[in-house]
1. Using only Cα atoms, locate the centre of region 78-129 and the centre of region 56-70, then give the distance between them in Å, rounded to an integer.
2. Taking a probe of 1.4 angstrom, what is the accessible area of Tyr99 in Å², to the nearest 10?
3. How large is the dipole of region 5-106 about the Cα centre if only Lys and Arg carry +1 and Asp and Glu carry -1, each at its Cβ, rounded to the nearest 20 debye?
4. Carbon and sulfur: what percent of region 13-156's accessible surface (1.4 Å probe)?
5. When only the heavy atoms of the protein chains count and the probe is 1.4 Å, how do Asp227, Asp63, Asp190 rank by accessible area, highest first?
6. So between Trp77 and Val104, what do we pick up on full extension, going 0.36 nm a residue minus the alpha carbon distance?
7. Pop a pseudo-label 7 angstrom from the Cα along the beta-carbon direction at both Gln49 and Ser86 and give the gap in nm to one decimal.
8. Of the listed pairs Lys64/Lys172; Lys36/Lys165; Lys152/Lys223, which have alpha-carbon separations greater than 26 Å here?
Amino acid sequence: MACGGCLGCTGPGLQDARRAYRNWFDSLSGRRKGRKVGRPRYRRKHGRQSIRLTRNGFSLRGDKLYIAKVGQISVRWSRDLPSVPSSVTLIREPDGRYYASFVVSIETSPLPPVARAAGIDLGLTTLATIASTDGTVRSIANPRFLRRREQKLAQAQRALSRKVKGSANWLKARRRIAVIHRKVRETRRDHAHQTALQLIRENQAVHVEDLSIVGMARTRLGKSVHDAAWGQFVRLLEEKAIRYGRTVSRVDRWFPSTRLCSACGLVTGPAALQVREWACVCGAVHDRDENAARNILAAGLAERSNACGGGVGPGSVPAAAVESGTPPRCRAGGTAGVRADSGGEEVN
């Protein structure tokens, strides 16, 4: 643990602060790509609280967890640790529950290779529309975990508003709201884990669209976008792909997957969200989500073929005899030229 006084401390708190300020400065200077990173702020004192300890701050003693300056804590283990943990994070949730999250090393366990790939179109009506190389297209319904509990959540929030702030009944009502939010969060995460693992097991490569989730969350559909948790789903796909020896690629967000006809390749489809089916001039009738999934799969396969050394450009040809030496106009000393084989070096 960091003492907070000397410059030689390497505690988790100082490491987090150093990383946060480095990300902020790199974002201001342009060295950090992606969305802008704001100035680090102090952690709020309410809601979820956590503390991270390194090896000198905790130890495992049988089935108990020893924390420095706290003592031994009885733990209800959810699973056996695969290796010796390097750090532990103690978490107190707003509903009063405590968790211990360990950082361990897990070896990769590649799955047997398969000849199937999938393209995924994420949406709100259906969480994911999956088109596979075997010609099948299936959809995963959007569970809408938050929407299903909105009525119960509203009742609990109205009950909280009628209580005297700071009283015992107010704390109980506040805890009931935290329990509802925890159930929504855990069921959403469990569904994302199971769906991502199933896709990774069935496909050698998975291609998804690189959506601007932050921008879409600022629209009138922001609540539904957050409830769908696309970012969490794609992140779990990438993590499981690394562990099981699969591949996950992101298709450019500007790729017209919805407006492109998967039959003839003509960009002619509508962009309005209420249009779920449309007909191309070639005579093909497309479902909006299924057509987008097929186009994402085709774009991902093409990009993967190019990245793996496919024949993209023309082959090498021998240089002409006049290109191997100094240009004639440079021999007279009048104009400076650049030789192609000199790495950009100017010659006179």
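1. If you average the Cα positions of each part, the centres end up 24 Å apart.
2. Result for Tyr99: roughly 80 Å² accessible.
3. Approximately 600 debye in magnitude.
4. 51 percent
5. Working: Asp227 10, Asp63 115, Asp190 80 Å².
Correct descending sequence by accessible area is Asp63, Asp190, Asp227.
6. Values: separation 27, 0.36 × 27 = 9.72 nm, distance 1.47 nm.
Additional length available on full extension: 8.3 nm.
7. With each label point 7 Å from Cα toward Cβ, the separation is 2.8 nm.
8. Lys64/Lys172; Lys36/Lys165
The values are calculated or read from the model by the stated rules, or taken from the named source; none is laboratory data. On a predicted model such as this, the values are computed, not experimentally measured, just so you know. Positions of Cβ are backbone-derived with ideal geometry, glycine not excepted, and every protein chain shown enters the neighbour counts. We work out accessible area using only protein heavy atoms, side chains counted, and drop any ligands, DNA or RNA first. Shrake-Rupley method; radii C 1.70, N 1.55, O 1.52, S 1.80 Å.
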